[in-house]
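Report on the following structure.
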Amino acid sequence: MLLPHWLFSDRAGLVLLAVLAVLGVGVPILNLWVPPDHPLYLSAYTVTVLGKYLCYALLAVSIDLVWGYMGILTLGHAAFFALGGYCLGMYLMRQIGARGVYGDPVLPDFMVFLNWSELPWYWHGFDHFGFAMLMVLVIPGLLAFVFGWFAFRSRVSGVYLSIITQALTYALMLAFFRNEMGFGGNNGLTDFKDLLGFSLQADGTRVVLFILSALALAGGYLLCRWLVSTRMGRVLVAIRDSEDRARFLGYRVERVKALVFTLSAMLAGVAGALYVPQVGIINPGEFAPLNSIEAVIWVAVGGRGTLVGAVIGAVLVNYAKTWLTGALPEVWLFALGGLFVTVTVLLPYGLIGLLQRREKAA
Amino acid sequence: MSELVSELDAAGLHTPIEPVDATHGILLYLEEVTVSFDGFKAIDNLSLYIGDGELRCIIGPNGAGKTTMMDIITGKTKPDTGRVFFGQTIDLLKLDEPSIARIGIGRKFQRPTVIEPLTVLENLELAMSGAQRLDRLITARLTGEERDQIHAVLDQIGLTEHGGRLAGILAHGQKQWLEIGMLLMQKPRLLLVDEPVAGMTPAEMERTAELLRSLAGSHSVVVVEHDMGFVRSIADQVTVLHQGRVLAEGRLEDLQVDPMVIEVYLGAGDAYH
């Protein structure tokens, strides 16, 4: 096998990639080529739900990079996810064109409703897919860099930093709720029609979005796995375990932190951009502090500092959420809280830690 | 232009790697340094000179300002007044911690601080001088020369057989040695070593004394230590700090009979003998 060493020795990662490959091939077949009355048929709804899980998993991987490896407990990562989502959402809004309720060829419905006469300057360019995709990376990355540059240079760390990240996402939520911001206020962006000319309602489009989500997760995983296998990865661990030691060895801790935080935010942005066309809406609720906290819980459940654990945690917890919010909606938040307490107290290394312990015992 | 460079210096964006100039025989100058925290003078008009290649022990009761002094030299704390120079030309007060580490001042913490989830070899590689540049974090492959340096240091600290082990499972004394080894990887001119033998067995102490003695000459070594037996075994020149200033300086034998020293420190209890 011609695998680089860092991947070859990563057994759990290879299993993950194999699973993603099987899903990427199997799910389209079961949706598109199996007749709907067949027991193995996957509905478009199921495909979309699975795609959503993969987006969450990518968000979890991005969180694990900064929390699990660099020791920064971010409680605001959903903000970067949501910003990525809004960037793609803006493109999708422009694609609607004159097909909106008010039929304005340029302005999205909510702007017509607000009696705006022209497109705000920051909406320009979003009718180009390439520009929108670039912004999916640039906007979350830029915010993370500016935020990180100031926060890390002021040596804000630990619980204080967590609180500031929480404040960041909360402030963005309040801002995006305002109609004057020009992002659809409370309702957000929705009623999307098509992406690059392909109808978002078509099964084929949904399947492609699912495949793209699987590819993005695989790519994001590989990028993070490679990064933590380099000397940079060992510096991250040094910063996590003893920031002063790293600094007195001559590492510019602030810069490393800002850089990795930015990279992580970009990954979260990509996850958000893939999420929005699949769920068909993005609104300020995505900035809610609870979303970021939930995402951290996924990582904790799967096992932080392992990357694979983040994926497992994100998928399992979200599966449980889909199921519980359907069967017993009032129980979900208690279950989530209970899960976090259980994992923190009994499984500090998450499910991955449990598996490793089993393996050692055997 | 020079203004720009000095501004970049202040922001820590540009690190001048100029060779340290110790032609006058002095490597580290602290002159009339004062720093206070909330009105309390942790360091009070302290002046101290460390010779090139010298092994100096610093003793003093708790709160004498030993750790604060190290914080000032390594850039963690900026003094209110005073001058701190590395050789004739390098003003340490203008540099931040990473720059000071890169120009050749290594610091060992009181508690052994090694990166536990990494192996001994990885710890040493992390500390290697030149490894810290951002562009070398991703692309770096060890050169043969760097590999040799790592193994030489591994040998020097007596951990040759433990290179592949995780630092976290080393014995306490071995962790201390590993941290000293990490300082050596930085190719420092000055080593600041805070309580290297706390919690060590007598045999480990003996080996540590040997190690530090072997480093003097090619490096200047400043050791802060409480254990008088250990101090006696390594240094002939000892500085006594008290309430943030130098109380006395000289050979340990002379200091031990100095009435002033006895009063503030040595006489405080038999524990120090």
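Computed quantities for the displayed model
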| quantity | calculated |
| --- | --- |
| Unit charges at the beta carbon, dipole of chain B: most positive-side option, B:149, B:60, B:166 | B:166 |
| Two-decimal log10 I(q)/I(0) for chain A, as the Debye equation yields it once each C-alpha is a single scatterer, q = 0.09, 0.10, 0.14 Å⁻¹ | -0.52, -0.64, -1.23 |
| Proxy reagent accessibility, fewest Cβ within 10 Å first, across A:90, B:70 | B:70, A:90 |
| 20 Å binning of all Cα-Cα separations within the protein assembly as shown, expressed as whole percents from 0 upward | 17, 42, 28, 12, 1 |
| Residues of region B:30-60 with amide N under 19 Å of a point placed 7 Å along Cα→Cβ from residue B:214 | B:53-56 |
| Positive-end residue, region A:228-362 charge dipole about Cα centroid, Cβ charges, pick of A:262, A:251, A:312 | A:251 |
| Considering only the protein assembly as shown, percent of DSSP beta bridges that pair antiparallel, nearest 5 | 60 |
| Other protein chain Cβ atoms within 10 Å, averaged over every residue that makes up A:232-238 | 6 |
| Debye, to nearest 20: dipole size of the protein assembly as shown, +1 on Lys, Arg Cβ, -1 on Asp, Glu Cβ | 1640 |
| Subset of B:66/B:108; B:41/B:66; B:41/B:76; B:41/B:78; A:193/A:321 violating a 19 Å alpha-carbon distance limit | A:193/A:321 |
| Neighbour-count order for A:239, B:26, fewest beta carbons within 10 angstrom listed first | B:26, A:239 |
| Footprinting exposure proxy for B:90, A:312, A:164, B:105 (fewest neighbouring C-beta atoms within 10 Å first) | A:164, B:90, A:312, B:105 |
| Relative contact order of chain A, pairs being alpha-carbon contacts under 8 Å that are 6 or more residues apart, as % | 31 |
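No value in this document is a laboratory result; all are computed from the given coordinates. For clarity, every value in this text was computed on a predicted model and none was experimentally measured. Note: ideal-geometry Cβ built from the backbone for every residue, glycine included; neighbour counts use all protein chains shown.
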